[in-house]
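What follows is a set of notes on a single structure, which appears directly below.
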Amino acid sequence: MLGEYRIVGRRASEIAASVERGVGSGELAPGQVLPPMRELAEHLGVNPNTVAAAYRTLRERGVIETAGRRGSRVRPLPATTARGAIRIEAPPGVRDVGEGNPDPALLPPLEAALTAAARHNTDHPALYGQAPVDEEFARLARAALTADGVPEGPLAVTSGALDAIERVLAAHLRPGDAVAVEDPGWGSVLDLVPALGLTVVPVALDDDGPLPEAVERALGGGARALVVTCRAQNPTGAAVGAERAAELRRVLSRHPDVLLIEDDHGHGFVDVPLRPLAGATGHWALVRSAAKAYGPDLRVASLTGDAVTLDRVLGRQRLGPGWVSRLLQRAVAHLWRTGAVDTPAVAAAYGRRRDALVRALAERGVGAHGRSGMNVWVPVREETGAVARLLHAGWAVAPGARFRLATGPGVRLTVSGLAMADIGPLADAVAAASGPVAARAHG
């Protein structure tokens, strides 16, 4: 039925465990089609409802995905194999431009902020039963959102952007629902969606963000949610401009029941204006993480959205962690209030390196993308060979497989750790490793 591998079990839990064992051992490969439920039930001598329950459990665990009449199959990267594991370790003497970290020299010192938060806690101890969002944090976060044209809405605080995205998806969707995501896109989201038992629908994008026709196709095909990165898109650097935002709003207006999630992780380190889509549908959320601008270990993100969505998120949060440390919220508020990050200067520092690399690659006949943020996406003819050749040349890059679904092969380069003197040698190595690839919309 499945080559040499035999699914066994009489109970739903036993059948699900059998499939998971096969996936974990590699005997059931990514993309492997599973038997139709009735066929497997007959083979095992059980009720079809038992197999249906087993498959439902596997979907909810992110092990398999179901695509209507095309049946169920092992998802391309099971939840037990995160895309983050697809990385190239940089041996001694090799420069690592694949990690995606910010430049530590551009992050603010945290001593004063943490000290101020600790002193405030001495006078006003954070105890059970208090509001989950610090008053000053909420005031400053809302002022910044309003200044960028984000509609009024309640505010929550989450442990980073991915935590917010997970909570919002779980607040509205159920296993089997389809979610439209950017392709290429943030690997953690591409892992998270199927891990929640949801189905990923790839949406192509260009340097201005998701293509309206691709979004229309995904939503018209039944996708119940859309996740968009407003600016500094990972891995391509795309940023939604005014014209594209208007086009996307028109598309979304035709699908008012779709859940819209915007990830503005670029806030604080990019100077491309925010063009929010928030409010284009009935249920929406926009999240801003402090990670890239203020430090990855500050697990703090502000989340706003419509009243129903935020009520559900806050209610579920109360039953889990309860709240994100108000000490950390006060520290981030101190950083905001004191202007600890000079956003134009930080954006310019990343922009000089990013733009120089894109220009240098173009001069060598290599098309690359990097409109904003700290990453450059380079389409290549053949990914594995390009990564290996770059490693041999002294550069460890991020394989495109971490970020893509239907789009063609590529590599991601992070410019954070580059000096201007590094641009030419890196461009030479990429040109030699990648081969010419025609410019095109991603996906």
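Before moving on, here are some points about what is shown:
- Residues considered: 328, 248, 357. Of these, the only one that is within 20 Å of the chain's Cα centre (by Cα) and of a type outside the set (D, E, K, R) is 248.
- Test: residue in the range 293-309 that is assigned by TED's automatic domain parsing to the domain that holds residue 131, at pLDDT 95 or above, part of a loop (DSSP other than H, G, I, E, B) and among the polar types (S, T, N, Q): no
- Total residues in the range 275-304, condition over 25 Å from residue 330 (Cβ atoms) and out of contact with any Leu (no Cβ under 6 Å at 6 or more places or on another chain): 4
- With respect to the stated conditions, residue 401 is buried (at least 16 other Cβ atoms within 10 Å of the Cβ) and modelled with pLDDT under 90.
- Taking the range 239-257 as the range and being aliphatic (A, V, I, L, M) and out of contact with any Ser or Thr (no Cβ under 7 Å at 6 or more places or on another chain) as the test, the residues that pass are 240, 242, 245, 246, 248, 251.
- Taken as a whole, the condition of being farther than 30 Å from residue 249 by Cβ, in contact with a Leu (Cβ under 6 Å, 6 or more places away or on another chain), outside the structural domain of residue 400 (by TED's automatic domain parsing) and among the small types (Gly, Ala, Ser) applies to residue 117.
- All positions within the range 357-387 that are under 12 Å from residue 432 (Cβ atoms), touching a residue at least 60 places away in the same chain (Cβ under 8 Å) and not in a loop (DSSP other than H, G, I, E, B): 361
- All positions within the range 139-150 that are among the aliphatic types (A, V, I, L, M) and in contact (Cβ under 8 Å) with a residue 24 or more places away in the chain: 140, 141, 144, 145, 150
- Residues in the range 322-337 include at least one that is under 23 Å from residue 231 (Cβ atoms), out of contact with any helix residue (DSSP H, G or I) (no Cβ under 6 Å at 6 or more places or on another chain) and not aromatic (Phe, Trp, Tyr).
- Scanning the range 45-63 for residues that are in contact with a Ser or Thr (Cβ under 9 Å, 6 or more places away or on another chain) and modelled with pLDDT of 85 or more gives 53, 54, 55.
- Cβ pairs under 9 Å, 6+ apart, first in the range 22-46 and hydrophobic (A, V, I, L, M, F, W, C) and part of a loop (DSSP other than H, G, I, E, B), second modelled with pLDDT of 85 or more and loosely packed, with under 14 Cβ neighbours inside 10 Å: 46/10; 46/11
- Options 180, 116, 126; residue that is small (Gly, Ala, Ser), touching a residue at least 12 places away in the same chain (Cβ under 8 Å) and part of a helix (DSSP H, G or I): 116
- The number of residues in the range 129-177 that are in a helix (DSSP H, G or I), surrounded by 19 or more Cβ atoms within 10 Å (Cβ to Cβ), of a type in the set (Val, Ile, Thr) and over 21 Å from the mean Cα position of the chain (by Cα) comes to 0.
- Residues of the range 261-297 that turn out to be in contact (Cβ under 8 Å) with a residue 40 or more places away in the chain, touching a helix residue (DSSP H, G or I) at 6+ places or on another chain (Cβ under 6 Å) and aliphatic (A, V, I, L, M), as a count: 6
- Residues of the range 233-247 classified as more than 17 Å from residue 400 (Cα to Cα) and in contact (Cβ under 8 Å) with a residue 12 or more places away in the chain, total: 8
Rundown of residues vs (1) within 13 Å of residue 236 (Cα to Cα); (2) of a type in the set (A, V, I, L, M, F, W, C); (3) assigned to a helix (DSSP H, G or I), yes/no style:
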| residue | (1), (2), (3) |
| --- | --- |
| 346 | no, yes, yes |
| 389 | no, no, yes |
| 404 | yes, no, no |
| 411 | yes, yes, no |
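- Applying the condition of being surrounded by 24 or more Cβ atoms within 10 Å (Cβ to Cβ) and not charged (D, E, K, R) to the range 279-297 and asking which residue is nearest to residue 248 (Cα to Cα) yields 284.
The values are calculated or read from the model by the stated rules, or taken from the named source; none is laboratory data. Keep in mind it's a predicted model, so treat the numbers as computed, not measured. Glycine also receives a Cβ, built like all others from the backbone with ideal geometry; neighbour counts cover every protein chain displayed.
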